[in-house]
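Below: one structure, written as structure tokens.
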Amino acid sequence: MKRKIIVIACGVLLSAVLLFGAIPVAAADGPSTTSPPATQTAGKGTLFVRILSIPTQSQLEALLTKAEANGKITSAQATKIENFWTANHAKFVKVVKAKILQRLLSVKNEASLKAFLDKAVSAGKITATQESTIIRLWESAHSS
């Protein structure tokens, strides 16, 4: 009986997927002639993240100047990129830091956390003060 219900449910689900997948295909009136080139749309989200990951405005300006000099972008595009970075960078950094801290605080073993943070300090990715702050936060979050 249970198997029969599962088979019927799968059949209904498959029929719904096929029906709702076929309707948009049948409604389409042919291929679009104004589709953007693949290089314009591929990896756009990744590009935004990479732009927002640039730590300082002076580094951004140096990269934009180099790209303009090499003919990769126009001055109007450089201005748009700089405006985008200025408008969104602070919020991006805040969200990324919060997610990183949340993941660090979810570590169950303090020894593993300390080993990971020690590697980050020795690689120059964080300071010793930041390490001690994270460890204090972890200890207060995991105290019983």
Practice prompt. Determine whether residue 72 is loosely packed, with under 14 Cβ neighbours inside 10 Å and in a helix (DSSP H, G or I).
Written response: no
Worksheet item: Name the residues in the stretch 97-144 that are among the β-branched types (Val, Ile, Thr) and in a helix (DSSP H, G or I), would you?
Response: 100, 121, 129, 133, 134, 135
Discussion item. Suppose we filter 81, 135 for residues that are more than 24 Å from residue 49 (Cβ to Cβ) and β-branched (Val, Ile, Thr); which single one remains?
Written reply: 135
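No lab work stands behind these numbers, since they all come straight from the coordinates. Just so it is clear, the structure is predicted and the values come from calculations on it, not from any experiment. Virtual Cβ from ideal backbone geometry, glycine too; neighbours counted across all protein chains shown.
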